[in-house]
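Here's the structure, in structure tokens; my notes come after.
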């Protein structure tokens, strides 16, 4: 057992270990099942595959890095993540707010060096096309009129197309990108079924580009993470199926067909030992040793309603970093909840 896995109970043969330490485990990812192999020619015919896009460089700044490093999953979470990676299936993660559902995506991307997480927050107005691509038809019309009046050539159509987070995740690449579809239970009724088709096929079409494919067989478009990539024949088809983490707070039921095609993971609220590890990872062992009473207060209040781990971290930081006379009282107030709050 190495220093990376000592004390975690996690196996070194896992692709994803949950240690918060980057490694090359993605290189050992087994080939996909035949029914999830998108790396062949498939519906693209007998022609050559599009070139594989290199992964973007990770950006080691901001809160995402801290979240990824300090995330402490238990062994059951690690097992299900590895199953999703091997089977090339989306991961549907449920649990109470504050249990680390979305943080799991950042942990996977950071540990396996898969680039920044592609993020798609879902609202009631979200539709499939928002996740796939956007086409600025008005901008292109204005550009065409300006170019015609000036006797110049208008910009290519690709300049007015930007792939969404799902569309970017489906670009052909050697290794999967990590896509976080956050709070899918906030969507309207149709979106899960619409997602199902794209996730099963591993591809989508851009009609605006397909209509001109005879004259312009390839277009350079912008991705959701700011890169420029070539899309041939108006079609995006993945090579490595993305690692899709879908979160839900359990506010609605999903269609049976959608559920069958996802691996489901319920994340339980962390217990005492896991909370101690989380606090130590975020704030250091010294603050952890001084915050035992606040952790116990957090556990008591959690049985009466919803309080998240982020509230505990804020309370501990306030109580241990500020010498004001009201620091402890305010810290305790951060952990207060009511049964009504927990029923929302």
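Here, each number is a calculation from the coordinates, and none is a lab measurement. This structure is a prediction, so every number in the text was calculated from the model and none was measured. Positions of Cβ are backbone-derived with ideal geometry, glycine not excepted, and every protein chain shown enters the neighbour counts.
For this structure, a couple of remarks:
- Estimated FRET transfer efficiency when R0 is 56 angstrom, pair residue 76-residue 215 (beta carbons, to 0.05): 0.55
- Ordering 120, 322, 35 by the number of other Cβ atoms within 10 Å of each residue's own Cβ, fewest first, gives 35, 322, 120.
- Inter-label distance, nm, simple model (7 Å from Cα along the C-beta direction), residue 190/residue 28: 4.6
- Rounded Å value of the spacing that divides the Cα centres of segment 86-103 and segment 171-242: 22
- Least to most buried among 258, 189, 38, 241 (fewest other Cβ within 10 Å first): 189, 38, 258, 241
- Scaled against the 2.2 N^0.38 Å expected of a compact globular protein of N residues, the Cα radius of gyration of segment 64-205 reads 1.29.
- As a calculated quantity, the FRET efficiency between residue 205 and residue 293 at R0 = 51 Å, using C-beta atoms, amounts to about 0.30.
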